[in-house]
Amino acid sequence: RVLFRSLLSREPIVTVGLAVARETFDGIRKANGEPELARVPPDQDAEEFELHFGAGVQLDMLTSRDPAGGGAIARFLSKFGEGIQQVEFSCRDVKRATTILREHFGVTAIYPEARPGAGGTKINFFLVRVPEPAGGNSKILIELYESPDVAD
C-alpha cells in the first residue's frame, strides 16, 4: 500500500493561489519584472504567473480572462473578492493520490480524473472542510499538481 505522503514531492512545495482582479494582477506582475504567464488550457478561464520565494514557498497569482464569465476564478472573485483561492501541493502521481484520498480518507475530488493544468501539469482539486474552531463551516480548495517532469 502506497502512503499518501510518499506521493508528495521530496522537498515539499507549497503554493498559495491568490485570486486577484485584473488591475491587481497587472500591477503585481509589473512590479515583479513581468514574470512569464503560465500556459493555461483554453477551457480554463484563468491567467496566472508564479512568484518564488525559496524554501519551497511560492505564490500563484490568478485572475480571470473574463471577469463577467462563469469560470472558477471569476466566480471566486465575485463571491469573495481578492484573496486566497487555493493551496497547491506538488505531487508525484495525482491519479494515485486521488485514489488514496478517496479510499482511505473519504475525500472526493472535484474531477473524477486528473485533468490538464497550466504548464503541462496534471491536476485535481479537493474541497476540504477547515477544522474547528478556526474554520467553522469554511472550506479550502486544495490542488494537487503533477509536473510533466515528475523526477525530483
Positions within region 113-123 being open to solvent by less than 70 Å² (accessible area, probe 1.4 Å), under 26 Å from Ala55 (Cα atoms) and touching a strand residue (DSSP E or B) at 6+ places or on another chain (Cβ under 7 Å), in sequence order: Gly117, Ala118, Thr121, Ile123
Some residue of region 40-63 being polar (S, T, N, Q), in contact with a Lys or Arg (Cβ under 8 Å, 6 or more places away or on another chain) and at pLDDT 85 or above: yes
Test for Val14: is it out of contact with any Cys (no Cβ under 8 Å at 6 or more places or on another chain), in contact (Cβ under 8 Å) with a residue 60 or more places away in the chain and open to solvent by less than 40 Å² (accessible area, probe 1.4 Å): no
Neighbours by Cβ (under 7 Å, 6+ apart or cross-chain): first from region 76-91, over 17 Å from Ile142 (Cα atoms); second open to solvent by 40 Å² or more (accessible area, probe 1.4 Å) and hydroxyl-bearing (Ser, Thr, Tyr): Glu82/Thr24
Residue in region 124-134 that is modelled with pLDDT of 90 or more and either open to solvent by 50 Å² or more (accessible area, probe 1.4 Å) or not aromatic (Phe, Trp, Tyr) (or both) present: yes
Pair list, Cβ under 8 Å, 6 or more apart: region 123-141 residue aliphatic (A, V, I, L, M), other residue at pLDDT below 70 and surrounded by fewer than 12 Cβ atoms within 10 Å (Cβ to Cβ): Val130/Gly136
Tally of residues being hydrophobic (A, V, I, L, M, F, W, C) and open to solvent by less than 40 Å² (accessible area, probe 1.4 Å) across region 48-76: 7
Some residue of region 39-47 being open to solvent by 50 Å² or more (accessible area, probe 1.4 Å), part of a loop (DSSP other than H, G, I, E, B) and without any contact (Cβ under 8 Å) to a residue 40 or more places away in the chain: yes
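Yes or no, residue by residue, for (1) touching a strand residue (DSSP E or B) at 6+ places or on another chain (Cβ under 9 Å); (2) at pLDDT below 90:
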{"residue": "Arg75", "(1), (2)": "no, no"}
{"residue": "Ser78", "(1), (2)": "no, no"}
{"residue": "Gly81", "(1), (2)": "yes, no"}
{"residue": "Val87", "(1), (2)": "yes, no"}
{"residue": "Glu103", "(1), (2)": "no, yes"}
{"residue": "Gly106", "(1), (2)": "no, yes"}
Subset of region 48-70 (residues that are outside any strand (DSSP E or B) and either of a type in the set (Lys, Arg) or closer than 20 Å to Val14 by Cβ (or both)): Phe53, Gly54, Ala55, Gly56, Arg65
Single residue of region 79-112 satisfying the filter (in a helix (DSSP H, G or I) and open to solvent by less than 100 Å² (accessible area, probe 1.4 Å)) that is farthest from Gln44 (Cα to Cα): His104
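The values are calculated or read from the model by the stated rules, or taken from the named source; none is laboratory data. On a predicted model such as this, the values are computed, not experimentally measured, just so you know. So basically every Cβ, Gly included, is an ideal-geometry build from the backbone, and we count neighbours across all protein chains shown. Quick note on the areas: whole protein, heavy atoms, side chains included, nothing else; ligands and nucleic acids left out. Shrake-Rupley method; radii C 1.70, N 1.55, O 1.52, S 1.80 Å.
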